[in-house]
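Input: one structure, supplied below.
Read-outs: derived from the displayed coordinates by stated rules, not from any lab. Note that the structure is predicted; figures quoted are calculated from it, not measured. Every residue, glycine as well, gets a Cβ built from its backbone with ideal geometry; the counts of neighbours run over all protein chains shown.
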Amino acid sequence: MIQVAPSLLSANFADLRTDVELLNRSEASMLHLDIMDGVFVPNISFGFPVIKAVRKYSQKPLDAHLMIVNPQNYVGAVRDCGVEMMNVHYEACTHLNRTVQAIKAAGMKAAVTLNPSTPVAMLEDIVADVDMVLLMSVNPGFGGQSFLPVALKKVRQLRDLIARSGSSALIQVDGGVNLETGRQLADAGADILVAGNYVFSAPDPLAAIHDLHVL
Ligand code: DX5
Ligand code: ZN
C-alpha cells in the first residue's frame, strides 16, 4: 500500500479546520505542511501559528517540509508545534549531519529533501541516519506544477542506495502527483506520495486519497 501525505498548501486557508477534519476521516498517513520563507523559495506560505492551529484539530501526524534557509535555527520551534517529522532541504543545510542529529535529539523523526537537480548520491553518508528522504518532483515553491520525470530515475537510485546502506528510510515524493504519475512512482519504488492539487481539486478528496493509497 502506498502511503498518502496530502499537502495543505492547496487546502482552503479561510476554513482550514474543515479540511483538516476532512483529512482525519481519510486514509492519509500524515499531513504534509509546506513552510516557505520567500528566501529559499520564491514564495511565502505559512508558519508556526498555523501549524499549531492545525495540530489542535489533526488526528494525523504532521510532516513539516521546511523550504527555508537555516532550518537548524527552528528545530525547537518546530518541535513545540507538535510536528512528528521535520523535513529539511539538503541544499539549505551546511552541516546536515548536525541538523539531523538535533532533530532526532528533539524527539522528532528526521527527513532530508532533495531538489530535482540535486543528485541522490549526495545522500550516501546521511541516508542511514534519516527516517525518510523526500525527492522533489517539481521545483519547490508552488502547488499545482507539472511532474518532472527525473524523479522516477531518482526513486530507483535511492531504492538502491537505501538497500546498500542498510538504511530504513522511507522514500517520499512531492510535486505533480496524480493517478498517472503516482502509479509510475509506485512502480519505481516510492513509499509515500505527497499530493496537494490532486487531492483538493478533486470532487471527492477522500476518494482521491483512496485511489493513490491503493495504487
Ligand atoms: C511545493 C510543495 C508541495 C506542493 C505539492 O513546493 O513542496 O508539497 O504542495 O503540490 P502539488 O501536489 O499540487 O504539486
Ligand atoms: Zn512539500
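Report the FRET efficiency, 1/(1 + (r/R0)^6), for PHE13 and THR94, where r is their Cβ-Cβ distance and R0 is 35 Å, rounded to 0.05.
Plugging the Cβ-Cβ distance into 1/(1 + (r/R0)^6) gives 0.60.
Now a separate question. Please give the contour-minus-distance gain from ALA77 to ASP187: 0.36 nm per residue of separation, less the Cα-Cα distance, rounded to one decimal in nm.
35.9 nm
Order of CYS81, CYS93 from fewest to most other C-beta atoms within 10 Å?
Working: CYS81 22, CYS93 19.
Listing CYS81, CYS93 from fewest to most nearby Cβ atoms yields CYS93, CYS81.
Given R₀ = 22 Å, what would the calculated FRET efficiency be for ARG156 paired with LEU179, taking r from the Cβ atoms and rounding to 0.05?
Efficiency computed from Cβ-Cβ geometry: 0.60.
Region 1-51: percent of C-alpha pairs farther apart than 16 Å?
46
Rank the residues ASP129, ASP187, ASP19, ASP34 as a footprinting-exposure proxy: fewest other Cβ atoms within 10 Å of their Cβ go first. Working shown, then result.
Details: ASP129 17, ASP187 12, ASP19 21, ASP34 25.
By the 10 Å Cβ count, ascending: ASP187, ASP129, ASP19, ASP34.
Oh, and also: Taking a cut-off of 25 Å, what percent of all Cα-Cα pairs in the chain are separated by more than that?
Counting every Cα pair in the chain, those more than 25 Å apart make up 31 percent.
Still on this structure: Let's test the formula: R0 of 41 Å, r as the Cβ-Cβ distance of ASN70 and GLU27. What FRET efficiency results, to the nearest 0.05?
Working from the Cβ atoms, E equals 0.70.
When DSSP assigns beta bridges and you keep just the ones with both residues in the chain, what percent turn out antiparallel, to the nearest 5?
Just about 5 percent of them are antiparallel.
With +1 assigned to the C-beta of every Lys and Arg and -1 to the C-beta of every Asp and Glu, and no other charges, what is the dipole magnitude of the chain about the Cα centre in debye, to the nearest 20?
Approximately 300 debye in magnitude.
Modelled label-to-label distance, GLU124 and MET1, 7 Å Cα→beta-carbon offset: nm?
3.7
Fewest Cβ neighbours within 10 Å first, please rank LEU179, LEU193, LEU66 accordingly.
Listed from fewest to most nearby Cβ atoms, that is LEU179, LEU66, LEU193.
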